[in-house]
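Working notes, structure below.
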Amino acid sequence: MYPKLIVNINKLKHNSITINNLLVKNNINSSFLVTKVLSGNKKIVEKFADTGFTHIADSRIDNLKTFKDIPLPEVLLRIPSLSEIKDVVKYADVSLNSELQTIVELNNQAIIQNKFHQVILMFDLGDLREGLFFKEDYLETAAIILKLAGIKLIGIGTNLTCYGGVIPTRKILNELITIKNNIESNFKIKLEIISGGNSSTIPLLLKNNLPKEINNLRLGEVIMLGRETAYGKIVDNLYADAFTLQAQIIELKEKPSYPIGELGMDSFGEKPNIIDKGIMKRGIIAIGKQDVNLDNLTPIDQNVEIIGGSSDHLICDLTNTNYALGDIIEFNVNYPGLLQLMTSKYITKVIM
Ligand SMILES: *Cc1c(COP(=O)(O)O)cnc(C)c1O
């Protein structure tokens, strides 16, 4: 049944192995496979998780639950909610954190469950999403965490290019190294993990400009779609098309390209902006905004042009093509599109 999202596992494996080789060459001895775009799909994740990653990382506990038989430690990426502390300790070996109150609650739960819970303390170096602000007095916070019997502070990390679009540089990441040095010398400890970011740190790594103390990255998009996220370039030797969307033509007719009558709003309450191109061969494809934001799709056939759509319909200009009713149109997807398609229960996921 269409629509189908075709997953090419060999391409995912290739991307994973290539990136993990690059990390190892640069003394990055731990790497988190960030699966949050795959909506907890164990069948996909288990087929390529064994390609050099040291951990599986996801932002949702529900997804981590489904991965519990995969033999890698699990990391909760999103800062835990106070309402999910019990499950965080139960299903995640590690969590990223920025709130002392939350860490104290994790400690209480860890003691109840007779476990150690590992914490990576996040620092906000200016992107303004999660993390202790780097100019704060973090030593006080660290002192309290280090006294908690159920918590093991295994490292520190930062997340950039997520809210503010801040691009990682050597200078910015050196702040994290300063924090590492201060914590280590103050408390006479060694932090195992210095996590230098996500797929947006890859360009810095490729330029050999990553501070040598950074020994961990958390990677999603560069693995799934071969794309670094500082400048949005496909990384050399990686596949950008491990995922392909296929959907079927349900109507194919010659019609005018400009609507007839007085124009109000479209089905999503927006004023349509339509160009009159005369009579056009129009195809309706059976997929819609309920499944994916249509801007996130790119037809693989360059003669196909997306001209609009609604919740369940995608309308394409097929004037320069020979498609027939029932034919399949293929699309490349970007990372937000992949997230939406994986999450939609109406899309059949096919592993190749
Ligand atoms: C999503 C996420 C990542 C991975 O980001 P990519 O750009 O997909 O590599 C890493 N760390 C955190 C905290 C995240 O939320």
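The values are calculated or read from the model by the stated rules, or taken from the named source; none is laboratory data. Note that the coordinates shown come from a computational prediction; the quantities given were computed from them, not determined experimentally. With ideal geometry, Cβ positions are generated from the backbone for all residues, glycine too; neighbour counts draw on all protein chains shown. SASA here: full protein model, heavy atoms, side chains in, ligands and nucleic acids out. Shrake-Rupley method; radii C 1.70, N 1.55, O 1.52, S 1.80 Å.
Some notes on this structure:
- Calculated over region 1-144, the projected area of the Cα convex hull averaged across directions stands at 11.0 nm².
- Annotation for ASP276 and TYR346: the two label points, set 7 Å from Cα along the Cα-Cβ direction, are 3.3 nm apart.
- Relative contact order (%) - the chain, alpha-carbon pairs under 8 angstrom, separation at least six: 18 percent
- Accessible area expressed per residue, the chain, with surrounding protein chains retained (probe 1.4 Å, Å²): 48 Å²
- Computed accessible area, THR201, all protein chains, 1.4 angstrom probe, square angstrom: 0 Å²
- Within the accessible area of region 172-275 (1.4 Å probe), percent carbon and sulfur: 49 percent
- Full extension of the chain between GLU213 and LEU263 gives 12.0 nm of extra length, using 0.36 nm per residue less the Cα-Cα distance.
- Length-normalised contact order of region 83-139 in % [C-alpha pairs under 8 Å, at least 6 apart]: 32 percent
- Annotation for region 263-352: chymotrypsin sites (Phe, Trp or Tyr not before Pro) lying in DSSP loop with at most 16 further Cβ atoms inside 10 Å of their Cβ are PHE268, TYR346.
- Reachable lysines, given that their alpha-carbon falls under 17 Å from the alpha-carbon of LYS271 and they are not under 8 places away in the same chain: LYS289
- Convex hull volume of region 195-234 per residue (C-alpha atoms, cubic angstrom): 55 Å³
- Relative contact order [Cα under 8 Å, 6+ residues apart], region 145-290, whole percent: 17 percent
- Solvent-accessible area of GLU270, all protein chains in place: 110 Å² (probe radius 1.4 Å, heavy atoms, ligands and nucleic acids excluded).
- Exposure of PHE243 as accessible area (Å², to 10), given a probe of 1.4 Å and all protein chains: 0 Å²
- Remark: the chain is approximated by an ellipsoid whose semi-axes, taken from the C-alpha gyration tensor as √(5λ), come to 44, 20, 20 Å, largest first.
- FRET efficiency estimate (nearest 0.05) - Cβ-Cβ, ASP236 to ASN114, R0 56 angstrom: 0.70
- Cα-Cα over 30 Å, subset of LYS4/LYS281; LYS115/LYS135; LYS4/LYS255: LYS115/LYS135
- Cα centroid separation, region 259-283 to region 155-202 (Å): 50 Å
- Mean-position separation - Cα centroids, region 301-347 and region 95-137, in angstrom: 42 Å
- Applying 1/(1 + (r/R0)^6) with r as the Cβ-Cβ distance of LEU325 and ASN29 and R0 = 45 angstrom yields a FRET efficiency of 0.25.
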